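Written out below as structure tokens is the structure these notes cover.
Rule-based calculations on the coordinates, nothing more; no lab input. Because the structure is predicted, anything quoted here is derived from the model rather than measured. Note that each Cβ is placed from the backbone with ideal geometry, even for glycine, and that neighbours are counted across all protein chains shown.
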Amino acid sequence: MFMSKIDGNLVCIICPNGCRIRVSGSAGSLKVEGHACQKGYEYTVKEVSNPERVITSSVKVTQGEIPLVSVKTKNPVPKTRIKEVMNVIKKARVKAPVEMGDVIIKNVGNTGVDLIATRKVNRK
């Protein structure tokens, strides 16, 4: 998914330093400047070549003391797949009780990543 030519700036979010990083070039010759550490360099390369995000949302609960359970992907998913994953999450339903850490959807959207509950919901 690497863009053919890159020329831009980003702020590293790996640590509290918030390095302002300049990135330019292409897949074969990427130039990264302004990072204070190797993690910043690696973050930048990943962010411009194949960005990923942890998705947080909620799923409807039947027979629960509350109508929704908060959920998140156990690992990041490709940014290009977020809309597809959200469409799957939007249709999901889970029956109470739900425990924190329960897998709500295994391999959500065929990403290889599980969707897990981030809180407990008791049965009514």
Which cross-chain or sequence-distant (5 or more) residues have an amide H under 5 Å from the amide H of VAL77, H modelled 1.01 Å from N in plane? ARG53, VAL54, ILE55
Using Cβ contacts closer than 10 Å as the measure, can you line up ARG93, ARG119 from fewest to most? ARG93, ARG119
How big is the Rg/Rh ratio for the chain, C-alpha atoms only, Rh by Kirkwood, two decimals? 1.13
Would you mind computing, in nm to one decimal, how far apart the modelled labels at CYS37 and ASN87 are, each placed 7 Å from Cα along Cα→Cβ? 3.9
Relative contact order of the chain, defined on C-alpha pairs under 8 angstrom at six or more residues apart (%): 20
With only Lys, Arg, Asp and Glu charged, each at its Cβ (+1 for the first two, -1 for the last two), find how big the charge dipole of the range 3-48 is about the Cα centre; round to the nearest 20 debye. 20
ASN75 to ASP7: FRET efficiency via 1/(1 + (r/R0)^6), r the Cβ-Cβ distance, R0 25 Å, to the nearest 0.05? 0.25
